[in-house]
1. Could you tell me which numbered condition residue 112 fails, if it satisfies all but one of (1) buried (at least 18 other Cβ atoms within 10 Å of the Cβ); (2) under 20 Å from the mean Cα position of the chain (by Cα)?
2. Of the conditions (1) modelled with pLDDT of 90 or more; (2) outside any helix (DSSP H, G or I), residue 157 clears all except one; give me its number.
3. What residue, among those in the stretch 218-231 that are touching a helix residue (DSSP H, G or I) at 6+ places or on another chain (Cβ under 7 Å) and modelled with pLDDT of 85 or more, is surrounded by the fewest Cβ atoms within 10 Å (Cβ to Cβ)?
4. Can you pull out the residues in the stretch 61-80 that are at pLDDT 90 or above and either in contact with a strand residue (DSSP E or B) (Cβ under 7 Å, 6 or more places away or on another chain) or buried (at least 20 other Cβ atoms within 10 Å of the Cβ) (or both)?
5. Please go through the stretch 90-103 and pick out each residue that is crowded, with 21+ Cβ neighbours inside 10 Å and touching a residue at least 40 places away in the same chain (Cβ under 8 Å).
6. Within the group 175, 170, 162, which residue is under 30 Å from the mean Cα position of the chain (by Cα) and assigned to a loop (DSSP other than H, G, I, E, B)?
7. Please determine, by comparing only the residues of the stretch 137-159 that are closer than 15 Å to residue 99 by Cβ and exposed (fewer than 11 other Cβ atoms within 10 Å of the Cβ), which one is nearest to the chain's Cα centre (by Cα).
8. What's the number of the only condition in (1) assigned to a helix (DSSP H, G or I); (2) farther than 30 Å from residue 117 by Cα that residue 223 fails to meet?
């Protein structure tokens, strides 16, 4: 059974129980009952729905912001690890050092100028990027150190390549949207209910009340837009950028 079916059944069951109890209680009320003596609960319900929806919005914004920050951090770790590989290769012979640095530059150039756009559009990494990083790994692991100095640099270089590979994987995982469809359904439905409850309070056409209603609706729309914008960590206006790569490898930017 899909989650949508379960959600629909749960919502229908909750509504059915409440409406059934209300109808039964209404039938049991005597003819001498005075409804004006019973406190109205509409203001309380409106307030509680607004509070609950505000909590949900806050959690959603915090979640997508954390995902966006994690995506940017993964880019920084990947760039830093590759920079360390390029810098620590200084102790190797000129031919080996040049090969490692050239392959690192080739990978970074491809990641920034080609793979980044593919990641934004498709939400995944490319096989070519994987092959280029694997070439860097072979450059580092296949070289046999010939001096103690080279031997001391060998394991840190291997570790930095592994760190870059791990950060690359995290970057790929962060390329997809973080909010599932059922959450968006709840956010949009909650917005419609929350804004719709304005009309249950018998809003009048005074300038002050219309202004407050408009600002409240605009605020809800802005918060939903903010969640949507952050939901794609690499793909929209406030997305994570390739800045760490371009800062540490300025010579590879086209």
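1. (2)
2. (2)
3. My answer is 226.
4. 74, 75, 78, 79
5. 92, 100 - these are the residues of the stretch 90-103 that are crowded, with 21+ Cβ neighbours inside 10 Å and touching a residue at least 40 places away in the same chain (Cβ under 8 Å).
6. Going through 175, 170, 162 in turn, just one is under 30 Å from the mean Cα position of the chain (by Cα) and assigned to a loop (DSSP other than H, G, I, E, B): 175.
7. The residue in question is 142.
8. (2)
The values are calculated or read from the model by the stated rules, or taken from the named source; none is laboratory data. Keep in mind that what you see is a predicted model, and the values were worked out from it rather than measured. Note: ideal-geometry Cβ built from the backbone for every residue, glycine included; neighbour counts use all protein chains shown.
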